[in-house]
Amino acid sequence: MYVAIDDTDSQDRMCTTYLIYEIISKSKYDVIGDPELVRLNPNIGYKTRGNGALNINLGKGTGKKSIIGKVNGKYAYSYEHILEEPEKNELMDFISSIVEDFYVRDNDKTNPGIVISENRFHKALYEKALQEDIGIDFIEDYLTGRALYRKIGTGRGIIGSSASLAWPGEKYSYELLDYKYPHYGNISHGEKMEISLVPENYRSTFNNIDIKNRYPAIFPKPKTPVIFGIRGVVKSDLVSIYDRIQMDHKIDDQGYVIYRTNQGTDDHIISEPDYLSNMGSYSITGIISGNPYTIKGGHSFVAIKYKNMEMELAAFEPTKEFRNVINSLIPGDIVNAFGSYMNGTIKLEKIAVIKKAKLYRKDPPICPECHVKTKSKGQMDYRCPVCKKRYKNPAFFEIDRDIEEKFYEVPVIARRHVSMPLKLASYFSGQPQISGVS
Ligand code: ATP
């Protein structure tokens, strides 16, 4: 029986994922398969942080056992198959009691939603939840007759919960989240940087650290029950990395849970659409149609022509050195841009320069008889200093450009959870697993 939860935290307290730790810790049921952390539309205004919803499959399990975490000092396992489904109402009572104990009550933006269903939902709902702002009525209609659900406050969380059960999991990665409730003690910035370097040594991990911007990305910004999160595509590497960190740094934690996630998959991206909707995320191939410019606050923009549409590509200040790429584009460049769309602007996550336009410098021509450079005497007037012959046309020399025909991505400090880092591109296009230490 699938249990999904969302919207239990606030900016400075709690993290909905921690409820999964509590469920595993207190449950009389077995866990079936991996708990899931599903990121939804990154452009949703209601999100607290990364717009993530959670689900876990509970019941009596059978088949192969695999590690899904360390809870109360012991490894926690999940089973491959379900043998017996639990009673829905009893399960709802158990989950509700955990949500009631932990959700942030004194914040009207926290509106938990619990969904319990024997079956997964259709992937169209997941796709919609990555692109659009879905109304709660739409979800209630969808759930009626299909699943048991409970709303607390407005119960907005049922939107994310339902969408998480519609994730088909075609592309996936893992994240190990290490916990201490309500939050960890002090870890200095220097030590966070050192700890973030441990996963960075493994080829299968991503978004661990941004050395240039001195950002230890495995540590969330506010203090919540999450101490750190290690993202990767090889589950066993995550356990080894956790053990290594504990050996060297002795973190005072409660334990961890490993989630299967849609992080790093680019599942939110629709390729080459005929029409772009606000809040959707796209990849478009077009031709740069203006010169880049930067506005106050350090946000850079450049115009692009895509199909018969004109829009702008934006690299905002938090994307740091990535802005240099946008500022190096010139009219005529052909690019493939990835990002979310709002009111005529694509907020860039990555960009491929497919074909660079040639850039020329105008210079006085060389006199073909004397082999010396002519001197400019005004518009369309060049004279040879030796034979005094006049020439009308300048010479053009191609200038080397500060940009290459390749992919560029925003630095780790500015990355969205669901965006595919370039490091994973070959992995997701079917190349062999990237296991082991680099
Ligand atoms: P955290 O990642 O720290 O758990 P969060 O960033 O996921 O927090 P929530 O507190 O869960 O943020 O708030 C997100 C809210 O937006 C939830 O109520 C969820 O149901 C809702 N939501 C998610 N996707 C959509 C969507 N596509 N349309 C409308 N509402 C959505």
> trypsin sites (Lys or Arg not before Pro) within region 305-347: which are DSSP loop residues with at most 16 other Cβ atoms inside 10 Å?
Replying inline: 307
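Taking neighbour Cβ counts within 10 Å as the exposure measure, how do 349, 140, 310 sort from fewest upward? Write out the running numbers ahead of the final one.
Working: 349 27, 140 15, 310 12.
Ascending number of Cβ neighbours within 10 Å: 310, 140, 349.
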>> Quick check on the exposure proxy: order 144, 17, 62 from fewest to most C-beta atoms within 10 angstrom.
In response: 144, 62, 17
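Can you pull the Kirkwood radius for region 232-363, inverse mean 1/r over Cα pairs, to one decimal in Å? Write down the numbers at each step before the final one.
On the way: mean 1/r = 0.0574 Å⁻¹.
Here the Kirkwood hydrodynamic radius works out to 17.4 Å.
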> How large is ³J(HN,Hα) for each residue in region 226-241, as worked out from phi by the Karplus curve 6.51 cos²θ - 1.76 cosθ + 1.60 (θ = phi - 60°), to whole Hz, x for Gly and Pro?
Replying inline: 7, 7, 8, x, 10, 9, x, 10, 10, 4, 5, 4, 5, 5, 4, 5
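Hey, what number do you get for the chain at 222 nm if only DSSP H runs of n ≥ 4 count, each worth -39500 (n - 2.57), divided across all residues, to the nearest 500?
Working: 9 runs with 90 residues, N = 438.
That calculation yields -6000 deg cm²/dmol at 222 nm.
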>> If you average the C-alpha positions of region 280-312 and of region 80-100 separately, how far apart do those two centres end up, in angstrom?
In response: 49
>> Straight-line reach only, C-alpha to C-alpha below 21 angstrom: list the lysines that residue 171 could link to, leaving out same-chain residues fewer than 8 apart.
In response: 123, 128, 235, 350, 423
>> Using the Cα centre of the chain as origin and beta-carbon charges of +1 (Lys, Arg) and -1 (Asp, Glu), tell me which of 131, 385, 348 is placed farthest towards the positive end of the dipole.
In response: 385
> In the structure displayed, which of 192/250; 60/151; 47/212; 212/250 lie more than 22 Å apart, Cα to Cα?
Replying inline: 60/151; 47/212; 212/250
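Quick check: convex hull over the Cα atoms of region 2-168, volume per residue in Å³, rounded to an integer? Mind showing how you got there, number by number?
Details: hull volume 18.2 nm³, N = 167.
Convex hull of Cα atoms, per residue: 109 Å³.
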> Looking only at 96, 162, 340, which one moves most when the chain is put into a Gaussian network model with springs between Cα atoms under 10 Å?
Replying inline: 96
> Rg and Dmax of the chain, using alpha carbons, in Å: what are they?
Replying inline: 26.8, 101
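If you take the beta carbon distance between residue 77 and residue 371 as r and set R0 to 56 Å, what does 1/(1 + (r/R0)^6) give as a FRET efficiency, to the nearest 0.05? Present the calculation step by step, with values, prior to reporting the outcome.
Values: r = 82 Å, r/R0 = 1.46.
The calculated FRET efficiency here is 0.10.
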> Using alpha carbon centroids, what distance separates region 243-261 and region 372-435, in Å?
Replying inline: 45
> Using θ = phi - 60° and the Karplus form 6.51 cos²θ - 1.76 cosθ + 1.60, what ³J(HN,Hα) does each residue of region 76-91 get, whole Hz, x for Gly and Pro?
Replying inline: 9, 10, 10, 9, 6, 10, 9, 9, 8, 7, x, 6, 4, 5, 5, 5
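From the Cα gyration tensor of region 175-261, with a ≥ b ≥ c the square roots of its eigenvalues, which class applies: rounded if a/c is under 1.5, or else prolate if a/b is larger than b/c, or else oblate?
Values: a/c = 1.44, a/b = 1.08, b/c = 1.33.
Rounded, because the longest to shortest axis ratio a/c is under 1.5.
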> Once you charge only the Cβ atoms, +1 for Lys and Arg and -1 for Asp and Glu, what is the size of the charge dipole of the chain about its Cα centre, to the nearest 20 debye?
Replying inline: 2400
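Among 14, 247, what is the fewest-to-most ranking by other Cβ atoms within 10 Å? Could you put the intermediate results ahead of the total?
On the way: 14 22, 247 9.
With the fewest neighbours first, 14, 247 line up as 247, 14.
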> Within straight cross-link reach of residue 373, meaning Cα distance under 20 Å, which lysines are found once same-chain residues fewer than 8 apart are removed?
Replying inline: 362, 388, 389, 392
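No value in this document is a laboratory result; all are computed from the given coordinates. None of the values given here were measured: they were computed from a predicted structure. As a convention, Cβ positions derive from the backbone with ideal geometry for all residues, glycine included, and neighbour counts pool all protein chains shown.
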